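Novice: Sharing a structure below in structure tokens format, with a few things to ask.
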Amino acid sequence: MVLFELIVGLLFAGALFALWAERLSVPYPALLALVGASLALVPGIPELQLDPELALALFVAPTLLDAAYDASPRDLRHSLASVVSLAVVVVVLTVAAVAWAARLVVPEMSWAAALALGAIVAPPDASAATAVLRKLQLPHRLLVVLEGESLFNDATSLLIYRVAVGAAMTGAFSGWSVAPMLLLTCGGGVLAGWGLARIYIWFASRVDDIPINVLLQFLGTFAVWMIAERLGLSAILTVVAYAMTLAQRVAGRMNARRRIASYAVWEVAVLVLNVLAFVLIGLQLRVVLSRVHGHEWRTYALCAGAVCAAVVLVRIAWTMAYTGAVRWKARRLGARAPSPATLPTTGSALLASWCGMRGIVTLAAALALPDGSTAFPHRDLIVFSAFCVVLSTLVVQGLTLRPLMQRLGLRDDGTVEQEIGLARVETARAALRALEHPSATSPSVDLLRSEYEARLRAEESRDEHRAVARSDASLATLQRQAVEAQRQALRDLRARHVIGDDAFHVVEEEIDLLELTADVRVRPTLDGAAS
């Protein structure tokens, strides 16, 4: 009961810190990292041991799926070289640099254990990157590259992690087995994710109950991870392929009620998992600190500092070198060079090199190291160093990204807004074509047709006439007033016992949908007017 009360209290504290982070315009994982660090210093906090095999599945699978579901395959293909550069080359270089730095400080650490440490801290985290980057309104191509990196670098690092942990625990390593393992785990994982997604869509499309459908989404995510692990495939790539296949194929098979409910539940789940991950690493860190004595503190501090420096410097060095090479190659090609708009700039490279926030993947991988009677060599040092990397990158880099972006003069290039406008125009035209049926002649149809015509005219003339934006602003005010009047009338009917709660909740949900629809129609126009 004490542990349950502790977790409830910490979840509440996590919610408060997330709200505080929103008001301060800082990434909430940075504040959660500080909470986790403070737990290690609080006396009387109970110890908590987590099954190593559970850590990655519980924390990584849902957060990875949530990030991969929003990824755009089209945009990733356009930026494939940059994504591969960060997701593979930088990870391998970081693993090597961290292993070298760790052995420089702790010579008795085996290469296998040092490589495992490097694999743990190498990958920037998908949920941490999304939480930070989505609020900064970066240029769209840079955002695509960074989010794409955070999806696929986990596969590279966890493959190295699996090999290194096995070698450290058994003392055996076969170089000839790496290439076939790479082909099987990566290629097989992508194919398995694609196939499992199609099976899930077939099954879930036959379930109309919303709570059951949302529950199946979580069960399907964990099932995909566990199946991949059982088959020896890359669970990361399997979940990424599964999520991206779902996103591309499920759009026409999910109605609005299910989608709204699903998105709301997933947002809460990802927040809860982030809070729990930082709480658990804080509890683990307290156990680690209790076992450190005397001169060991110097070794722990030096190792953590060396690892943090290696993680940051390798990313900066490679990103700037890669950008310079791409721009040099473009100058050599001359007329055959890509469009200047698609080339990375020095400013975008500098910002990308500073976007190396570690998070839940690093924490889960550190927690997954064997403990107890078969403890992983130097486990306490590795867990301590991993948490220092997470804390330093989230706090230092996460809190300085916005000032750096402003200093570099980078801003959203409007690519997504242009595509949103195009999509609104085409969908409105499609709706008007559907209403041209000869039988569609009633007054209600005329009203609906006039609404779509107004939406079409507003989008087509949005950039030309500011008066349209002002009229839309007044329309937004009237829509909010109309919705509030309906809510007040509904509350009065229940207060006077004219209707019961069953009828109240049905009509309340209908008004909610009206409010959501109104917001979608007017908010982007209002944003344009405000700017």
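The values are calculated or read from the model by the stated rules, or taken from the named source; none is laboratory data. Computed from a predicted structure; not experimentally measured. For neighbour counting, all protein chains shown are included, and Cβ atoms are generated from backbone atoms with ideal geometry for every residue, glycine included. When the accessible area is computed, the model is the full protein with side chains, heavy atoms only, and any ligands, DNA or RNA have been set aside. Shrake-Rupley method; radii C 1.70, N 1.55, O 1.52, S 1.80 Å.
Novice: Looking at (1) of a type in the set (Phe, Trp, Tyr); (2) closer than 14 Å to Ala68 by Cα; (3) more than 17 Å from the chain's Cα centre (by Cα); (4) open to solvent by less than 40 Å² (accessible area, probe 1.4 Å), which one does Trp194 not meet, given that it meets all the others?
Specialist: (4)
Novice: A further question follows. Test Leu404 against the stated conditions and say whether it is closer than 27 Å to Ser38 by Cβ and within 21 Å of the chain's Cα centre (by Cα). Even if it seems obvious, please write down each step before you answer.
Specialist: Values: closer than 27 Å to Ser38 by Cβ: yes; within 21 Å of the chain's Cα centre (by Cα): no.
Criteria not met by Leu404.
Novice: Could you figure out which of (1) touching a helix residue (DSSP H, G or I) at 6+ places or on another chain (Cβ under 8 Å); (2) of a type outside the set (Ser, Thr, Tyr); (3) more than 20 Å from Leu54 (Cβ to Cβ) isn't true of Ala264?
Specialist: Exception for Ala264: condition (1).
Novice: Let me ask something else. Return yes or no: is Leu516 open to solvent by 60 Å² or more (accessible area, probe 1.4 Å), at pLDDT below 75, farther than 23 Å from Ala423 by Cα and in a helix (DSSP H, G or I)? Even if it seems obvious, please write down each step before you answer.
Specialist: Numbers: open to solvent by 60 Å² or more (accessible area, probe 1.4 Å): yes; at pLDDT below 75: yes; farther than 23 Å from Ala423 by Cα: no; in a helix (DSSP H, G or I): yes.
Spelling it out, it is not the case that Leu516 is open to solvent by 60 Å² or more (accessible area, probe 1.4 Å), at pLDDT below 75, farther than 23 Å from Ala423 by Cα and in a helix (DSSP H, G or I).
Novice: While we're looking at this one, here's another question. Residue check: is Trp202 without any contact (Cβ under 8 Å) to a residue 12 or more places away in the chain and over 21 Å from Ile360 (Cβ atoms)?
Specialist: Values: without any contact (Cβ under 8 Å) to a residue 12 or more places away in the chain: yes; over 21 Å from Ile360 (Cβ atoms): yes.
Yes: the conditions hold for Trp202.
Novice: Identify the residue in the range 208-235 that is open to solvent by 30 Å² or more (accessible area, probe 1.4 Å) and of a type in the set (Val, Ile, Thr) and, among all such residues, is farthest from Leu158 (Cα to Cα).
Specialist: Selected residue: Ile210.
Novice: Determine which member of the set Ala269, Ala277 is in contact with a Pro (Cβ under 7 Å, 6 or more places away or on another chain), open to solvent by less than 30 Å² (accessible area, probe 1.4 Å) and assigned to a helix (DSSP H, G or I). Write out each step before concluding.
Specialist: On the way: Ala277 fails: in contact with a Pro (Cβ under 7 Å, 6 or more places away or on another chain).
Sole residue among the options that is in contact with a Pro (Cβ under 7 Å, 6 or more places away or on another chain), open to solvent by less than 30 Å² (accessible area, probe 1.4 Å) and assigned to a helix (DSSP H, G or I): Ala269.
Novice: If you don't mind, another one. Which helices (runs of 4 or more DSSP H) sit wholly inside the range 62-125 and have at least 2 residues that are surrounded by fewer than 19 Cβ atoms within 10 Å (Cβ to Cβ) and not hydroxyl-bearing (Ser, Thr, Tyr)? If you could, list the steps in order and put the result at the bottom.
Specialist: On the way: elements: 73-78, 80-84, 90-105, 111-121.
Where helices (runs of 4 or more DSSP H) fall fully within the range 62-125 and carry at least 2 residues being surrounded by fewer than 19 Cβ atoms within 10 Å (Cβ to Cβ) and not hydroxyl-bearing (Ser, Thr, Tyr), they are 73-78, 80-84, 90-105.
Novice: Look through the range 339-352, keep the residues that are among the β-branched types (Val, Ile, Thr) and either at pLDDT 80 or above or under 15 Å from the mean Cα position of the chain (by Cα) (or both), and return whichever of them is least open to solvent (accessible area, probe 1.4 Å). Lay out the reasoning, then the answer.
Specialist: Applying the first criterion (among the β-branched types (Val, Ile, Thr)) to the range 339-352 yields 342, 345-346.
Pick out the ones that are also either at pLDDT 80 or above or under 15 Å from the mean Cα position of the chain (by Cα) (or both) and you get 345-346.
Working: Thr345: 62, Thr346: 89 Å².
Only one residue tops the list, namely Thr345.
Novice: Considering the range 353-384 alone, what residues qualify as being farther than 19 Å from Leu283 by Cβ, of a type in the set (Gly, Ala, Ser) and open to solvent by 10 Å² or more (accessible area, probe 1.4 Å)?
Specialist: Ser373
Novice: Next up: I'm checking my understanding of the structure. Among residues of the range 43-63 that are at pLDDT below 75 and of a type in the set (A, V, I, L, M), which one is farthest from Phe376 (Cα to Cα)?
Specialist: First, the residues of the range 43-63 that are at pLDDT below 75: 43-53, 55.
Restricting the remaining residues to those that are of a type in the set (A, V, I, L, M) gives 45, 48, 50, 55.
Numbers: Ile45: 24, Leu48: 18, Leu50: 15, Ala55: 16 Å.
Among those that are at pLDDT below 75 and of a type in the set (A, V, I, L, M), it is Ile45.
Novice: Let me ask something else. Considering the range 289-309 alone, what residues qualify as being part of a helix (DSSP H, G or I) and either on the phi > 0 side of the Ramachandran plot or crowded, with 19+ Cβ neighbours inside 10 Å (or both)?
Specialist: Going through the range 289-309, the residues part of a helix (DSSP H, G or I) turn out to be 289-290, 296-309.
Within the range 289-309, Tyr300, Cys303, Ala304, Ala306, Val307, Cys308 qualify.
Novice: Within the range 252-261, which residues are small (Gly, Ala, Ser) and either surrounded by 23 or more Cβ atoms within 10 Å (Cβ to Cβ) or out of contact with any helix residue (DSSP H, G or I) (no Cβ under 9 Å at 6 or more places or on another chain) (or both)? Spell out the reasoning first.
Specialist: Initial filter on the range 252-261 (small (Gly, Ala, Ser)): 252, 256, 261.
Across the range 252-261, the qualifying residue is only Gly252.
Novice: Test Arg315 against the stated conditions and say whether it is modelled with pLDDT of 90 or more and under 18 Å from Ile120 (Cα atoms).
Specialist: Details: modelled with pLDDT of 90 or more: yes; under 18 Å from Ile120 (Cα atoms): yes.
Taking the combined requirement at face value, the residue satisfies it.
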